[in-house]
Amino acid sequence: MNVIKAKSVEELNKKAAVMIAGQMLEKPDSVLGFATGSSPLGTYAELIRLYQEGTIDFRQVTTFNLDEYVGLGQDHPQSYHYFMKENLFSKVNIKAENTHIPSGVAADAQAECRRYEEAIGAAGGVDLQLLGLGRNGHIGFNEPDSIFGKETSVVKLTESTIEANTRFFESPREVPKEAISMGIGTIMKARKILLIAYGADKKEAIEKLLNGEVSPQMPASILQLHPQTTIIYAD
């Protein structure tokens with residue numbers, strides 16, 4: 001792993017955006033894997049700035065998001081479709097048909113998982129996957145488990161993840177209990193991986209990621225085995 005400790009969250013965001021921009025400049029038709037939640041917001045803001053300055057161009061880029069809540073439609077303000085549109089897609093020149101996020105309201109969730117996995121393969125796989133880090137070590141919505149999940153699937157969210165997401169909803173009862181998520185195996189197929197993490201509540205997870213043993217109880221630890229992983233973190 002290439003590990004970078006940023007002096008600040010602002011520096012982390014800039015370094016992460018520069019890495020993604022470098023991938024886009026090297027390969028204009030890159031397939032990028034994107035994440036949601038609070039962690040990548042600053043990185044997306046930096047990408048928007050680089051686009052507005054004319055440094056990067058999204059016209060040929062294809063994206064696949066890590067996950068989506070089961071039960072939330074595209075227009076729900078807490079859906080990840082809505083998140084990506086508001087925080088990145090509507091502010092750059094990416095083509096809507098080139099953006100891919102699992103459907104949280106598919107009639108057959110298992111079929112949707114298979115479809116999404118096949119779509120990633122048909123696109124040639126992910127060139128660079130952006131990840132955040134959950135307090136319990138989850139990446140995507142791959143929660144601590146007895147095994148590393150392989151492909152895109154429906155996952156049950158742990159109580160700690162549900163609690164962490166409560167701040168985004170009006171009531172704890174509204175927080176979805178399941179999500180469709182890329183599997184660990186799918187994430188590990190990406191040619192490059194970039195994980196960003198910061199904050200006191202992530203300190204323990206960062207330490208276990210960097211120095212702990214590889215275990216499905218700490219899902220992000222699998223990244224120790226990926227040949228092209230960069231970790232950028234800040235206090």
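The values are calculated or read from the model by the stated rules, or taken from the named source; none is laboratory data. What you are looking at is a predicted structure, and each value in this text was computed from that prediction instead of being measured. Cβ: placed from backbone, ideal geometry, glycine included. Neighbour counts: every protein chain shown. Note: accessible area is taken over every heavy atom of the protein model, side chains too, but ligands, DNA and RNA are not part of it. Shrake-Rupley method; radii C 1.70, N 1.55, O 1.52, S 1.80 Å.
Scanning the range 1-40 for residues that are exposed (fewer than 14 other Cβ atoms within 10 Å of the Cβ) and closer than 18 Å to K85 by Cβ yields a single hit, S38. Scanning the range 149-175 for residues that are open to solvent by less than 100 Å² (accessible area, probe 1.4 Å) and over 15 Å from G134 (Cβ atoms) yields T152, S153, V154, F169, S171, P172, E174. Taken over the range 78-134, the criterion of being β-branched (V, I, T) and within 16 Å of M182 (Cβ to Cβ) is satisfied by T99, I101, I120, V126. Out of all the residues in the range 94-108, is one or more in contact with a Leu (Cβ under 8 Å, 6 or more places away or on another chain) and either in a helix (DSSP H, G or I) or surrounded by fewer than 17 Cβ atoms within 10 Å (Cβ to Cβ) (or both)? Yes. Checking each residue in the range 68-83 for being crowded, with 22+ Cβ neighbours inside 10 Å and in contact with a Ser or Thr (Cβ under 7 Å, 6 or more places away or on another chain) picks out E68, Y69, Y80, F83.
Yes/no matrix, rows are residues, columns are (1) closer than 30 Å to D108 by Cβ; (2) in contact with a Ser or Thr (Cβ under 9 Å, 6 or more places away or on another chain); (3) exposed (fewer than 14 other Cβ atoms within 10 Å of the Cβ); (4) touching a residue at least 24 places away in the same chain (Cβ under 8 Å):
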| site | (1), (2), (3), (4) |
| --- | --- |
| E178 | yes, no, no, yes |
| G183 | yes, yes, no, yes |
| K189 | yes, no, no, yes |
| A197 | no, yes, no, yes |
| D201 | no, no, yes, yes |
| K208 | no, yes, no, yes |
| Q217 | no, yes, no, yes |
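Against the numbered list (1) in contact with a strand residue (DSSP E or B) (Cβ under 6 Å, 6 or more places away or on another chain); (2) not in a loop (DSSP other than H, G, I, E, B), S39 comes up short only at (2).
Whenever a residue of the range 4-17 is of a type outside the set (A, V, I, L, M), its partners that are in a helix (DSSP H, G or I) and open to solvent by 40 Å² or more (accessible area, probe 1.4 Å), lying with C-beta atoms within less than 9 angstrom and at least six residues away or across chains, give the pairs N13/L41; N13/A45.
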